[in-house]
Amino acid sequence: MELAYFLEVIKRRWWVVAASVLLCTGSAYLLLSRTPTWYQATTTVRILFYSPNPNDPSIDPHQVARRYQNLIREPAILEGAAQTVGLPYVPSPENVSARLVADSLLLEITVRDTDPEHARALADAIAQQLVLQEDEGFRAFAQSQLLSLEELIRQTEDEIREEQVRLAAADSARAIQQHQGEIAALQEKLVQEKSVHASLLQYWVNLPTTVTIEQPATTPAKPIRSPSVPETLLLTAALGLILGLVGAFFMEFRAGGRARDRESTAAGGGS
């Protein structure tokens, strides 16, 4: 009895179920057709870290690599990459990311775009911009360190000359010994400063590229996070079917309630 009633309701209210299914699937299809398809490409670069003082424990290569990681979203990098590729727009920082490969100085630069070829070209162009920008930045840093060291060397040489004057004027063995010790310490300091200066000078003159492209990006063949159209439509059709059945039985319940009310009214009037 219940199954027969169920089928009878569906037969009478089939248009409600059909309308619900069509409305849900049509809305889903319209939404899917307007949703952009995103493609993702990744370029892998290697951070080449060279230090003029490799024995300095305060220098952390991974900290330098993290600085590169943060640099890729800078406007100058993104604008330069867009200009290199010839795009009329600058990629949004939200569509550009970088990830350091664990226990290495490899940096993966990932770009999302609605055009697969643009995604590939932008990933490579951003890596190239990183090479150019950081090469100039490190040269400027090395040059500033050279100037600071040269000033320290001049100060140490002045101190040595002053101590030599004091030594010449000393009139006691104790004073002579003290000034000779100061001169020896200053000369040792001067040797160290000149050694670091020579290393840094060679580093600045022969500064290698600090970033090299380990693996260029390839054009992505498939989109990312793209919902399957058939599966989505099937799911929304099932949802529309459920909603349509609920609506049909609700309308049937309301129609039955109104019929009972009319019967009650008619019975009351007849009495």
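Scanning region 149-173 for residues that are over 10 Å from residue 183 (Cα atoms) and aliphatic (A, V, I, L, M) turns up 149, 152, 153, 165, 168, 169, 170, 173.
The residues on offer are 155, 192, and the sole one that is assigned to a helix (DSSP H, G or I), modelled with pLDDT of 90 or more and farther than 30 Å from residue 71 by Cβ is 155. Each residue in region 27-45 was checked for being free of Cβ contacts under 8 Å to residues at least 60 places away in the same chain and among the hydrophobic types (A, V, I, L, M, F, W, C), and 2 pass.
Conditions (1) polar (S, T, N, Q); (2) at pLDDT 85 or above, marked per residue:
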position: 4; (1), (2): no, no
position: 31; (1), (2): no, no
position: 44; (1), (2): yes, yes
position: 55; (1), (2): yes, no
position: 64; (1), (2): no, no
position: 67; (1), (2): no, no
position: 77; (1), (2): no, yes
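The values are calculated or read from the model by the stated rules, or taken from the named source; none is laboratory data. Note that the coordinates shown come from a computational prediction; the quantities given were computed from them, not determined experimentally. All Cβ positions, glycine included, derive from the backbone under ideal geometry; neighbour counts span all protein chains shown.
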